[in-house]
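Step one of this worksheet: look at the structure below.
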Amino acid sequence: MQVPIHDHTVLYRRYKPALDAAVARVLASGQLDWGPEVPAFEDAFARWLGATHAVGTNSGTAALKVALRALGVGPGDEVITVPNSDIGSTAAIHHVGATAVWVDVEPDTGNINPALVATAVTPRTAAILPVDLYGHPADLAALRTIAERHGLAIVEDACLALGAAIDGRPVGQWADITCFSFAPTKHLGAYGSAGAAVTDDGALAQRMQRLVGYGQNRERHYGDNLAAAPLEHLSEGLNERLDELQAAMLRVKLPHLREIIDGYIARAAVYTDSLAGAAVRTPVIRPGAIHTFRNYVVHVEARDHVQRRLADAGIATALNYAPPLHRQPAYRETSAAAESFPVADRLGETLLALPIGPHLDGPICQRVAQALAAAV
Ligand SMILES: Cc1ncc(COP(=O)(O)O)c(C=O)c1O
């Protein structure tokens, strides 16, 4: 048995005629920039989430960075986040010139611990950046209470949590700005790098649109008379837009997104059922939460040994996200690295991400679970 961690060809084969047609449409149009695909995708994506505005970006990291900049977060500001995430969550804070303040996480979900957020707030705190780890939403109600008490913004890193919800309210409707990644491994995977920032605030959306496109008003590129439109940079923008080809392919997959996400949830349920009784801690789902399982992460003792045994059995696994950021070379020199995050450390020592995605079916998940139960 060979079980890879991902297989991007499965959904390509499933949607091939429509994906090929979308690529051909964009290439034949000659309109590789500022065409109709990006705005059409943004509208459809916002509607899918029940949000008002979506701004396409060229990655999840770019979405986080643009969100922080649009909120005016910059040098001198602190942003509270977690050390057990993709580096993009923390790097985006530093890329806008602000300081990331890590706090430890909840032992069950691995998400930001609101009680510790409350104690980390200082007069310099500008925002909270929770991460919905593996697809389980952070405790957004508790975080909103803290944010409102201190006048802080919430920029939610939902790069792994498309389709997640708490108490019936979808991720995308909780934060000032919610950021998504469409990296190929995500629920809505592009064929390259892509992302989006979502908000109900029209002024923030307009600022983000300008920021991703050279600081220009987007309308400038959509008039009939572009050559005559004055070149006007309203702010010092970036070049971090979603591109037409990715937008066209994302538009093909978006109508199937619910089915894709339900597939992840169903495979996760098979894993959890099959691992009952094994010496494995399976993922927790808080009451009221919808966990969309972009990653199915278990916790086991002697993790490295277990991972090797699974590899010997042909089963690929991953370590999202270990070692945590405070143990990464990039941050070893910073003062924050000297602080201790015992829960994040403990989770980092025991976590193991099993393969999950459209390339697996129930029986394969059962066999992976059996191999894991035998390996622990
Ligand atoms: C939690 C989290 N935040 C941010 C990112 C960054 O997204 P991207 O790779 O699209 O820049 C990722 C991507 O893996 C992620 O998982």
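Nearest 20 debye, what's the magnitude of the dipole of the chain about its Cα centre given +1 on Lys and Arg Cβ and -1 on Asp and Glu Cβ?
Computed about the Cα centre, the dipole is about 620 debye.
Restricting the count to DSSP beta bridges whose residues both fall in the chain, what percent are antiparallel, rounded to a multiple of 5?
Within the chain, antiparallel bridges account for around 60 percent of the total.
Just to check I understand the Karplus step: with θ = phi - 60° and J = 6.51 cos²θ - 1.76 cosθ + 1.60, what whole-Hz values come out for the stretch 156-164, glycine and proline as x?
8, 8, 9, 4, 9, 10, 4, x, 6
Given an 8 Å cut-off on Cα distances and at least 6 residues of separation, report the relative contact order of the stretch 125-200 as a percent.
Worked out over the stretch 125-200, it gives 26 percent.
Most mobile of GLY192, GLY263, GLY110 per a Gaussian network model of the chain (Cα springs, under 10 Å)?
Of GLY192, GLY263, GLY110, the Gaussian network model singles out GLY192 as fluctuating most.
Can you give me the relative contact order of the chain as a percent, contacts being Cα pairs under 8 Å and 6 or more apart?
Once normalised by length, the contact order is 22 percent.
Calculate the FRET efficiency for ALA269 and LEU319 from the Cβ-Cβ distance with a Förster distance of 25 Å, rounded to the nearest 0.05.
With R0 = 25 Å, the Cβ-Cβ based efficiency is 0.60.
With Cβ to Cβ distances under 12 Å as the rule, what net charge do the other residues near HIS233 carry (K, R +1; D, E -1)?
Net charge in that neighbourhood comes out at 0.
Exposure proxy check: THR334, THR178, THR81 ranked by fewest other beta carbons within 10 Å?
Neighbour counts put them in this order, fewest first: THR334, THR81, THR178.
In percent, what relative contact order does the stretch 166-259 have, based on Cα pairs under 8 Å that are 6 or more apart in sequence?
Taking the mean separation of contacting Cα pairs over the length of the stretch 166-259, I get 25 percent.
Under 1.5 on a/c is rounded, so check that first for the stretch 215-335, then, if it is not, pick prolate when a/b is larger than b/c and oblate when it is not; a ≥ b ≥ c are the square roots of the alpha carbon gyration tensor eigenvalues.
prolate
Using a cut-off of 15 Å between beta-carbons, work out the net charge of the residues near GLY30 (Lys and Arg +1, Asp and Glu -1, GLY30 not included).
After counting each charged neighbour, the total is -3.
Suppose every K and R has +1 on its Cβ and every D and E has -1 on its Cβ; what is the size of the dipole of the stretch 257-375 about the Cα centre, in Debye to the nearest 20?
Dipole of the stretch 257-375, to the nearest 20 debye: 40 debye.
Could you run the Karplus curve 6.51 cos²θ - 1.76 cosθ + 1.60 with θ = phi - 60° over the stretch 267-279 and give me ³J(HN,Hα) per residue in whole Hz, x for Gly and Pro?
So the Karplus estimates, Gly and Pro as x, are 5, 4, 5, 5, 4, 4, 5, 6, 8, 4, x, 7, 7 Hz.
Ordered by packing density, taken as the mean number of other Cβ atoms within 10 Å over each peptide's residues, highest first, how do 210-216, 306-312 rank?
By packing density, highest mean first, the sequence is 210-216, 306-312.
State the extension gain, in nm to one decimal, for the chain segment bounded by ALA279 and LYS16, taking 0.36 nm per residue of separation less the distance between their alpha-carbons.
90.6 nm
Mind jotting down the distance between the C-alpha centroids of the stretch 250-287 and the stretch 179-236, whole Å?
The stretch 179-236 and the stretch 250-287 have Cα centres spaced 32 Å from each other.
Quick one: net charge around GLY357, please, counting Lys, Arg +1 and Asp, Glu -1 for every other residue with C-beta under 14 Å from its C-beta.
Spelling it out: positives minus negatives among the neighbours equals +2.
Here, each number is a calculation from the coordinates, and none is a lab measurement. Since we're looking at a predicted model, the values are computed, not measured. So basically every Cβ, Gly included, is an ideal-geometry build from the backbone, and we count neighbours across all protein chains shown.
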